[in-house]
Every structure is written in C-alpha cells, then in structure tokens.
1. Among the residues of the stretch 206-229, are any among the small types (G, A, S), assigned to a helix (DSSP H, G or I), at pLDDT below 90 and surrounded by 14 or more Cβ atoms within 10 Å (Cβ to Cβ)?
2. Considering only the stretch 187-207, state which residues are over 17 Å from V165 (Cβ atoms), in contact with a helix residue (DSSP H, G or I) (Cβ under 9 Å, 6 or more places away or on another chain) and not aliphatic (A, V, I, L, M).
3. Here's a check for you: in the stretch 513-530, which residue that is touching a helix residue (DSSP H, G or I) at 6+ places or on another chain (Cβ under 9 Å) and at pLDDT 90 or above is surrounded by the most Cβ atoms within 10 Å (Cβ to Cβ)?
4. With respect to T500, determine if the residue is closer than 20 Å to Q530 by Cβ, in contact (Cβ under 8 Å) with a residue 60 or more places away in the chain and either surrounded by 15 or more Cβ atoms within 10 Å (Cβ to Cβ) or of a type in the set (D, E, K, R) (or both).
5. What is the residue count in the stretch 150-191 for residues that are more than 30 Å from V216 (Cα to Cα) and in a loop (DSSP other than H, G, I, E, B)?
6. From the list S485, S508, exactly one residue is assigned by TED's automatic domain parsing to the domain that holds S557, of a type outside the set (D, E) and in a loop (DSSP other than H, G, I, E, B). Which is it?
7. Which one is nearest to E33 (Cα to Cα) among residues in the stretch 276-304 that are in contact with a strand residue (DSSP E or B) (Cβ under 8 Å, 6 or more places away or on another chain) and touching a residue at least 60 places away in the same chain (Cβ under 8 Å)?
8. Could you list, in sequence order, all residues of the stretch 366-414 that are at pLDDT 85 or above, acidic (D, E) and either over 21 Å from the mean Cα position of the chain (by Cα) or closer than 22 Å to I248 by Cβ (or both)?
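The values are calculated or read from the model by the stated rules, or taken from the named source; none is laboratory data. Keep in mind it's a predicted model, so treat the numbers as computed, not measured. Here the Cβ positions follow ideal geometry from the backbone for every residue, glycine too, while neighbour counts run over all protein chains shown.
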Amino acid sequence: MRAARIANVMVALVCCGLGCGTSSGSAAGNASEEYGANPFLEDQSNRGKADTAYQNPDGIEVEVDLEADLIGAEYFIFEAPAELGQFALTYLRKRGEFYLESLAEDSTSENRVEWLIDTTWMTAAQAKSVAKEKLRHFRIRGVNAVLLNKSADGVAVGRQYTAVVPQNPFGVMSTLGSSCADPDNHISLDQSVYWYLWNPDKSGCAAQTQQMTVTVSRMMQSGRTTYPEYDRLTEDKQVTAVVLFGQIGDGELKDSDAGMRSLREMVSWLGSAQFQEDASAPLGRRFSKHIGEVDLVIDLYSPKEFSGLSDTAHFPNFQKAISEHEIVVYDGHSMLGASDFWGRPTYPPFYQVFLYGGCLGYEYYVRPILGGKHGWDNLDMVSSVVEVQVGANEFAGPFLAKLVWSLGNKNAASWPDILRAIRERVRDSTFGVSGVRDNCWSPTGSLCGQSPVPTGAKTYEQTQPVNIPDNSKEGIASEITVADSIVAGSIVLDLDISHTWVGDLRISLQHGTTEMVVWDHAGDDTKNIQKRFDLPAFAAKDVKGTWTLRVVDTADSDVGMLNRWALIVTP
C-alpha cells in the first residue's frame, strides 16, 4: 500500500523547470539562428549491449528504509517523517550520486511509516493511540532510490548510508533564516520549500542536525535487456509523438523564450531530416515521414498552445496531447510538484512512452501518470533523477532520432541503446527508464514465454477490462459462462492484472458452490500479476455454467485493472 497523497505539504507554487540551462546560439527567431548538432542526421546505429541492471547506463535501482529521530513538532508529528525524508533527498541529491524518490506528495502511510515505542516497532496506524511524547524515533519503509556511479559499487541489502537532516524539520525557517539554504533564482525561500534548498554545510549554518540512516532493503536489479513494445507502437502502421515546449522564462511570453527557440530548433532538425510538414495540423505544427513500414508523425506544441503545468486556460490542449499520442514529451516548469496537472487528464488505454525531465522527475512525476495508466502494462517512462539542465531537444532529440533508426532497422534499438544515445547527448546519467523490466517484445520473439496450453485443452476467455476500485470491500466480479459439459482432468486460471501494489489484493474464483482463493495479499509492493494458477479444487467436476472471478483491493492509494482472464480446461 502506497503512502497516501496530500496536496498541502507545499504551500507555495514554486518553479522548477526543464531546460533550466540555456542553449548556445542566438535567441532571436531569424534565419541566422544557430542550433545544436542535429541528432536525426547522426549515426544512430547500435554500438553494443549495455552492461546494466536498472535501465540507466550508470546506475541501479533499489529500495531503502529511512530511520531518524524527531525533536519537537508534536502538532505535525505524523507529517514529520515525510518532511525529514525530503531534507535527506536534497542532502543526498546535491552530492550527485544518490537519488531518493520525492516524498513531497506523501503524507505518512499508516503502514509504511513505523514508530519505535519503547522497544517495539508500531505502524503509524497503531501509533495514533500512543501519547505523542513517545513518538521520537521513526522509519519509512520501502523508499525507491537510484544509485549512480560509485554509489552503486558493491551495493547489497543491508548497506547503510547517512544523510544530514534537521532535528526539527518545521522550525528551520523561523530559527535559521537563509543561513542553511542555497539561493535559487526561481524559488522564494520559506518554510514550505526549505527542504529543497537545504544545505547544512553552508558557511554560517548553525542548525541542530542529526544523521538519518538510509539502509538498502531491497535490490531491484534485472539483467534482461528489454525493448520498447514496438509491436504495439506499430500495429496500426503509424507511430504518433508530441513534444510540448513549455515557457521557460518568467513574465510575458516572448519569441526569444527558450521554449520558443527549442521549438524552432526541432523544426529545423526535422526539416533537415526530410520530414514533411502538414499545413493542416489540428494544433501546433505537424511533421511526418514514412520509415520502413510505418509513418512517424510528430506534433510540436509551442508555449502558445500550452505554456506549462499552471496553464489552466490551455488544459484542453494538454489533454489532447496525452489522449492522441503514443509518445509524449514534456519540457516546461514542473512547479516542484505543486501542480496537479499530471493527475487530471483522462489517459488513453493504449501503450504509451512518456519522456519527462524536471525537478526530481524519478518517481515524483511518475506516480500520477502511472495511476492514470493503471499500471505499467501500457506505460514506459523516461524520467530524470536530478534537475535537468538542458532543454527537451537534448533528450527528446536523440530519443526520436534513435526511434527513426530503429523503425528502419527491424526495431533493433533496445532501452539500453536508447538511454545510451540520450546520455551521449546530455553528457551525464540524468535519465533512466521505468516500467520496462517486464516488457515482452524483442526482435527474437517474446521475452514473456508461458508454458504451452496442453494438447486437447479448451480455453474460455474474458477480455473485457475492468477497473479495480481502490480500498473497496465489494471489489469487482467478472464472469465467464462455459456452455460445454466437460469433466475437467485439470483446470488452470490464466490471469492478467495491472496493479501498483499487489499486496493489496484478494482474488478468488467461484463455480457453483465451490470457491477457491488464488491470491491472498501476497507479493507486498510488487507490481502487476501475469500468472497461471492451478485449480485443484475444481478438478474432476463438470465445468459447465458460470464462473465468477472476484478481485478486492483492501487498502488505499494504489489502483489497478483486471485486463483479462481465462480458464484452460483439460478434459
């Protein structure tokens, strides 16, 4: 069960943008404007396999537990663990090797956060009945993290790190002023954002601090090389992409804004790569090119069509971009998580790839998109673990150029190949990709092979997707009616569920008066269930009649969908 969301952890709307740095060349939109090297004209052929587990060329993904003390702040006691976690995030991030997921949108989870009462660990739910003066030592379980470069060397479960954080996270502004905070041109310092600017090593900082212990609790490495789901991208012989160039500068939008310049640069690149512009584009500018057996269509939205995650007036354009495109790239201010824009759209059911580079993009902005897509089955997401200092073209350019090469070369570009192309352009390990460990497509056949259906078996299938309501006692019921009268020698349930925390689920199957539980809150925080289950309770019985699959989500904050299920009956 994920930690619950709260909207008011950060009071101020603060800016944090993609393209924080500026590209070289003239800012004026005229014929003399110079642009960066065109990735569509560079050699994008593969250069070998990347020796990587987490899909980032220089890092791995793990889960960690955060543990620390708390002094004062009794009024906000149950919000304090997440707040201190934010200070740890900043402290580690500024060292360039260790990146925690952001907890800014998480209040305390009743199960994920635990308090040490005397000598016993109690969940936050249990601790609510304890006197607040006893709540002085806590831990947060299962926080995602990315370790890069030397921090990734020799990591194993139990490895410990430390982060310097305040003893009382809620009094820093009133007691310290700006003495322990780094200045930022876009952000006005106050209590709500102090964690983001936190620097206990700053000269003159006299904060009362402590060392938070960060312990690796789970390794999430996978040695399998995976690919985008090219079969799903190309099945209709067309791949659609959109790049949203948001406004980067403050104040009135001008033609010299970095977002406007980036759009002109992409237009120049596509023109030089023989893409044809469609003058009748429904919104923005549209370019297309026939590659191999498919048409690649790329729409470009300027800041005039959508300026960023506070542009309420143009939200319909944001919705249109998400609804109609298989590849979605966002370049604009991220509002440091204070915007709810990624949680507002209606997401389409088809497979999509999102590219998002911004402040703390890893996990921080993954979650609302993941929720909208109901799990990873229809989503791959390229995101950053640190603030991006380049515009969208520096990561979207090589991605799209690599896609062009791949479409013309039997879809041979893997995710490590694509990430390496982005890294060579960006010149660091800013970007990784999430949701691809279980991708099935590969040039040599499916990576998700299942045992074959037994000879003579009959399959009865239900393919109608059903959303699984969050924390609902009623859950869902899906039926298959078997018209054949067959006494089963064996019977198998073939199940496909997308869910972001499968430990929330109880799944049972009923036929007549017989009911069998096949999944009872197993799997903890594992995502998704694609599995076959033997059903001995139904063997040697006639399968004719109605079969009912029930799926109940018994905890809050994580959502999912029953994609399909089937009965495989061997007479």
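1. No, the stretch 206-229 has no match at all.
2. Correct list: D190 only.
3. M516
4. yes
5. Number satisfying all stated conditions: 11.
6. Residue meeting the stated conditions: S485.
7. I298
8. Of everything in the stretch 366-414, just one residue is at pLDDT 85 or above, acidic (D, E) and either over 21 Å from the mean Cα position of the chain (by Cα) or closer than 22 Å to I248 by Cβ (or both), namely E394.
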